[in-house]
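No value in this document is a laboratory result; all are computed from the given coordinates. All values derive from a computational prediction rather than experimental measurement. In this analysis, Cβ positions are derived from the backbone assuming ideal geometry, glycine residues included, and neighbour counts consider all displayed protein chains.
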Amino acid sequence: MGLSQKLELRQGQSLVMTPQLQQAIKLLQLSNLELSAYVEQELERNPFLDRDDSETRGEGDAGEGEARASAGDVAPLDEHLKAEAPPSEHGGDLDTDFDNVYADRSKADREAEEAAHRQALAIDWSNARGGSSRFDDEGRDLEGSLHESLTLREHLASQIGLAFTDAAERLVASFLVDMVDEAGYLRADMAEIADRLGVERAGVESILARLQKFEPTGVCARSLAECMRLQLQERNRCDPAMAALLEHLDLVARRDIAGLTRICGVDAEDVVDMIEELKRLNPKPGLVFGHEPVQPVVPDVFVREGPEGGWIVELNTETLPRVLVNQRYYAEVNKHSKSRDDRSYVSECFTNANWLVRSLEQRATTILKVATEIVRQQDGFLVHGVQHLRPLNLRTVAEAISMHESTVSRVTANKYLATKRGIFELKYFFTSAIASAVGGEAHSAEAVRHRIKDLIENESPRDILSDDRIVAILKGSGVDIARRTVAKYREALRIPSSVQRRRMKMMSA
């Protein structure tokens, strides 16, 4: 067979992910905090993007800060974004206020009066508390003291200088402190540390024993039992019976009173008292010190009852970044661009700026559509509670709003809905279905879990419900569920078995 060259023309279709489309998809799945950080980066990188500070809310517009849509009809996004932002407490930043106040003064006068004004606002807090002022407190403002938080590592490092005078021991102690986690535990192998530092293991153990006497008590422990033992030793309560109890914390977790009575050599009443004493200890002593603050959940969507019934779904515009394209600056820069590279760069930045604004608008519209459909589907939950949560999947919502399932999945990630029953992640409303025992409508798995929790919380101490009993009760109310499913839901809720609950309620009786 001979080989030859030829040209062929074929026509076909393929899906190409343009950078703009990738950006729009990325914005969909970002949380409001991640979105704000992303927009800030774009504002710094793109010269044609400006923060929209023109729409500041007046004093009479406090109730108009959200984008609105009825549960059955989504209003255009352009109408939503006309709502004005809330006013700041002082109407602007401090430097701008001073510039306005001293606009007609000379520079020296402005600086002098500005310094006097700030000095007048300063407060000697030590004198206000009734104590004497100290020279090391001078210059520390209130804001700085509020944000100041001593970490566990800093607290332990400050004690090393007092407890260790030898330079080599101080080096080993600092190395051990650096390996302590935020709960106060040292989860490391002593032999490995000794080999890495080139010292004897006995020396490392001796230094660790001294570190374990630092404050807070129980810090630098290698296990829960050792942490509790250190705290009990400080209270002079680590007798042989308590030491035996600490060696068998697994039996304590199972509430095996009979086994603990035999091991500790005391009666059941003493075992119960010893367990109660353990409960008063701090299992994570390091957490009393400063750590990263927990970011509060800010809802992306609000839901409230309408004046004529139904539900009103509103976007939280406080979480929507306001950016605009500076057309005037683009025209000016483009007019003075001479080279091809300059014109290409200016054109690319201008296109990216327009795409970002359009993507943000599309993201807000999509979130509103998905949230509105979820509210429509889960009307029973909003009215009656979690017992009436319906089974719901991504396909149902996607078909109702004519979108792809993957789009709905991205929209519901890290987005929160504020209702009169609390703040819930949008994914919370998507639950699997459990068949009805009488052939009726299926039950939501989340509603069944809530029902199991209620049954166990309301059980009598003399009549503890086993998993089989719970299955019988649920089937009697029309829920077709297997025993292993009940056990799985109970374990997910961190509810002990019926045997463990019986022991716990006997101890507390």
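Per-structure values
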| item | result |
| --- | --- |
| Neighbour-count order for LYS488, LYS284, fewest beta carbons within 10 angstrom listed first | LYS488, LYS284 |
| Estimated distance in nm for a label pair at ASN282 and GLU459, the labels positioned 7 Å out from Cα along Cα-to-Cβ | 3.5 nm |
| Inter-site label distance for LEU249 and LYS505 at 7 Å from Cα along Cβ, in nm | 2.8 nm |
| Residue order, fewest to most surrounding Cβ atoms within 10 angstrom, among ARG363, ARG235 | ARG235, ARG363 |
| Rg to Rh, two decimals, where segment 289-362 supplies the alpha carbon set and Rh follows Kirkwood | 1.26 |
| Span from the segment 291-360 Cα centroid across to the segment 392-449 one, whole angstrom | 29 Å |
| Relative contact order for segment 433-508, counting Cα pairs under 8 Å that sit 6 or more residues apart, in percent | 33 percent |
| Largest to smallest principal axis extent of the C-alpha atoms in segment 433-508, angstrom | 43, 21, 18 |
| Where Rh is the Kirkwood radius over Cα pairs, Rg/Rh for segment 385-491 | 1.04 |
| Point-to-point label distance, TYR38-THR151, nm (Cα→Cβ direction, 7 Å offset) | 2.9 nm |
| Per-q log10 I(q)/I(0), segment 152-288, q = 0.10 Å⁻¹ (Debye; single scatterer per alpha-carbon; no solvent) | -0.39 |
| Summed residue charge, Cβ within 14 Å of LEU43's Cβ, Lys/Arg positive, Asp/Glu negative | -3 |
| Order of MET190, MET228 - criterion: other Cβ atoms within 10 Å of each residue's Cβ, fewest first | MET190, MET228 |
